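Presented below is the structure to which this report refers.
The values are calculated or read from the model by the stated rules, or taken from the named source; none is laboratory data. Quick caveat: nothing in here was measured; it's all calculated off a predicted structure. Cβ: placed from backbone, ideal geometry, glycine included. Neighbour counts: every protein chain shown.
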Amino acid sequence: MVLGLLFIPLAGSFLSMLPSRRVVRPPGAVDEKLFLELCTRCGICVDACSSEGRGTLEPCGILDGVSMMGTPKVNPLRAPCEARYGICEGRLPCVKSCPTGALRWIEPEEIKLGSVSWSPGRCIAVLGGECLVCAEVCPVPGAITPRNGIPVFHSNRCVGCGRCVYACPADPKALILMPEGERRHHWGRAGFSR
Amino acid sequence: MSGGISRRRFVKLLGGAAAAIGLASLGYSLGWFSAGERAVLERSISGESNLERPLVSLVKGRDVNAMVRRAIKAIGGIEALVSPGSRILIKPNVGFNRPEAVTSPEVLRAVIEVIKDADPKEIIVAESAVRGYNTSNNFGVTGIADVVRGLGIRLVDLDKSSEIVKVKTSGKLLGEVSVFKLACDADVIISVPRLKRHSQAIVTISMKNMMGILPSDQKGMFHVLGLQQCIADLNTVFRPDLAIVDATEVMTVSGPGMGRMVPGEAILASRDPVALDLIAAEYLFRLEGNENPLETALNVPHIKLAAELGIGINDPSRIRVVEERVS
Ligand code: SF4
Ligand code: SF4
Ligand code: SF4
């Protein structure tokens with residue numbers, strides 16, 4: 001009996017030591033360590049996002065890591081994030097709905113959720129097709145520049161909206177959204193950290 | 001054809017043999033395919049507008065209303081095309097949420113007003129945006145929604161409609177194409193694009209604009225199969241009966257989302273989308289300072305391929321361009 005009760009916290013600390021995947025957080029998320037403390041996995045932001053129509057946010061699952069489960073992540077396969085150059089610009093329903101401060105207000109021009117990573121081996125344009133859909137849909141000047149029919153990605157300009165990932169017609173997709181270069185609210189200071 | 005365009009479609013069951021039908025019905029009962037996938041529709045395009053010597057009007061000026069009216073008048077007038085009682089689909093380009101990348105609301109308003117005069121049974125303005133953009137939002141932020149609803153016309157975000165049908169093409173790569181049913185139901189299709197550059201299609205004018213009647217997976221498939229040929233193939237069944245190009249402000253150098261905006265101060269119109277796209281492309285390349293604008297336009301693959309499929313004429317010596325200016 002006593003042993004059994006002991007097992008619960010032990011199992012918990014063991015599970016939290018398992019590796020977790022880095023995910024792309026909603027706009028205005030505080031630094032990851034604090035985020036995991038503040039976020040109560042209530043899912044309100046996910047619902048607020050879906051209420052905009054398609055919704056990019058979804059709760060992390062077990063594959064993202066046990067400590068991540070239930071926390072929100074951006075999934076561009078569902079929909080792009082509309083926080084920059086889109087429907088939610090200047091409104092941020094996810095941030096406004098968060099009751100715990102895990103997500104905080106962020107000005108549109110400060111938003112950078114991450115950046116895309118390109119796999120040339122899957123890219124239709126590289127394989128000789130007529131694509132460049134990514135360059136067509138990207139709302140950021142200079143983030144994707146076509147050269148000889150092939151996209152060139154400039155991750156410093158990319159805001160991580162995921163439009164190109166969503167629209168990429170390659171199967172499997174030639175693009176993945178990564179948190180690389182994300183801009184997060186820095187705890188204890190006004191402003192942002194990269 | 002004052003009687004307007006008649007279109008016949010009929011449902012063709014996949015497979016002829018009883019065994020195939022049996023298998024298909026078994027598949028259907030097992031839920032292998034949805035009802036929409038069992039039928040392939042056929043759609044005939046108007047033969048009448050296969051004019052041997054197509055007319056293209058190019059009207060310059062600043063008064064958009066007068067220009068649109070002149071441009072349509074110069075190619076025979078709206079009465080020649082829209083018979084009372086027909087169902088009209090107007091397809092503007094509202095693929096993005098930036099005003100400079102979409103058909104301008106003023107041009108669309110002028111087009112709707114001209115068509116209204118012909119007393120059709122129904123006018124619908126419909127679009128499915130570029131993947132990753134929300135069509136309804138595009139309608140709202142670009143001012144298209146205000147104009148269309150203000151005129152009492154039905155505005156349809158095709159992405160919200162679930163009815164999709166497959167239609168046979170007589171193209172080379174696309175055996176059949178999935179489209180929103182609403183587009184298939186129209187008697188007359190009027191393409192109203194903005195004149196723009198396109199990263200992959202080179203230009204996007206009246207024929208490329210027809211991609212906005214496709215569900216997003218089908219749009220993506222065009223890029224996988226070969227965009228230029230697919231645009232031509234699509235136009236074998238969804239060839240605009242009339243096209244009016246907004247060249248008031250033209251997106252040059254790059255596009256279709258962002259480019260260098262140049263005042264074009266023109267409206268072009270034709271019943272031959274191939275001839276129209278050729279002349280409009282030439283106009284665009286000239287604005288870019290291209291030394292051989294016509295040559296460059298003739299080399300736009302989808303315009304050439306569309307001509308090869310008999311969708312229209314791309315031989316400049318056979319195209320009659322009516323240039324006018326309204327003040
Ligand atoms: S609303 Fe806030 S606390 Fe709730 S899941 Fe989203 S980020 Fe976490
Ligand atoms: S590169 Fe992709 S993710 Fe980055 S801003 Fe452009 S569309 Fe968005
Ligand atoms: S959309 Fe995807 S497949 Fe197409 S060019 Fe871009 S990365 Fe390549």
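Cβ separations smaller than 8 Å between residues 6+ apart or across chains give the following pairs from the range B:299-317 residues that are free of Cβ contacts under 8 Å to residues at least 12 places away in the same chain and surrounded by fewer than 22 Cβ atoms within 10 Å (Cβ to Cβ) to residues that are small (Gly, Ala, Ser) and not in a loop (DSSP other than H, G, I, E, B): B:Asp315/B:Ala307. Being within 19 Å of B:Ser270 (Cα to Cα) and either among the acidic types (Asp, Glu) or in the same structural domain as B:Glu249 (by TED's automatic domain parsing) (or both) is a description that applies to B:Lys116.
Scanning the range A:96-148 for residues that are within 13 Å of chain B (Cβ to nearest Cβ) and free of Cβ contacts under 8 Å to residues at least 12 places away in the same chain gives A:Leu127, A:Gly128, A:Gly129, A:Thr145, A:Arg147, A:Asn148. Before we move on, is A:Ile62 more than 12 Å from the chain's Cα centre (by Cα), surrounded by 15 or more Cβ atoms within 10 Å (Cβ to Cβ) and either hydrophobic (A, V, I, L, M, F, W, C) or within 16 Å of ligand 3 (Cβ to nearest atom) (or both)? Taking the combined requirement at face value, the residue does not satisfy it. Mind checking whether some residue in the range A:131-141 is closer than 17 Å to A:Pro27 by Cβ, modelled with pLDDT of 95 or more and within 14 Å of ligand 3 (Cβ to nearest atom)? Scanning the range A:131-141, I find no residue that is closer than 17 Å to A:Pro27 by Cβ, modelled with pLDDT of 95 or more and within 14 Å of ligand 3 (Cβ to nearest atom), so the answer is no.
To keep it simple, each residue is scored yes or no on (1) within 14 Å of chain A (Cβ to nearest Cβ); (2) among the basic types (Lys, Arg); (3) part of a loop (DSSP other than H, G, I, E, B); (4) free of Cβ contacts under 8 Å to residues at least 12 places away in the same chain.
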position: B:Gly85; (1), (2), (3), (4): no, no, yes, no
position: B:Asp119; (1), (2), (3), (4): no, no, yes, no
position: B:Ile123; (1), (2), (3), (4): no, no, no, no
position: B:Phe139; (1), (2), (3), (4): yes, no, no, no
position: B:Arg149; (1), (2), (3), (4): no, yes, no, yes
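Restricting B:Ala269, B:Ala232, B:Ala243 to residues that are in a helix (DSSP H, G or I), farther than 25 Å from B:Lys160 by Cβ, modelled with pLDDT of 95 or more and in the same structural domain as B:Thr103 (by TED's automatic domain parsing) narrows the list to B:Ala232.
Within the range A:153-174, the only residue that satisfies the criterion of being within 22 Å of B:Leu225 (Cα to Cα) and away from every other protein chain (no Cβ under 12 Å) is A:Pro172. Candidates are the residues of the range A:108-130 that are under 21 Å from A:Arg157 (Cα atoms) and within 9 Å of ligand 3 (Cβ to nearest atom); the one that is nearest to the chain's Cα centre (by Cα) is A:Val116. Does the range B:80-89 include one or more residues that are under 30 Å from B:Ile164 (Cβ atoms), of a type outside the set (Asp, Glu), out of contact with any Pro (no Cβ under 9 Å at 6 or more places or on another chain) and at pLDDT 95 or above? Yes, the conditions are met somewhere in the range B:80-89. B:Met210 meets the stated requirement of being in contact with a strand residue (DSSP E or B) (Cβ under 7 Å, 6 or more places away or on another chain) and not in a strand (DSSP E or B).
The single condition among (1) among the aliphatic types (A, V, I, L, M); (2) within 30 Å of A:Asp47 (Cβ to Cβ); (3) within 12 Å of ligand 3 (Cβ to nearest atom) that A:Leu103 does not satisfy is (3). Within the range A:26-47, residues that are at positive phi sit with their Cβ atoms under 7 Å from residues that are of a type in the set (S, T, N, Q) and in a loop (DSSP other than H, G, I, E, B), at 6+ positions apart or across chains, in these pairs: A:Arg41/A:Thr71.
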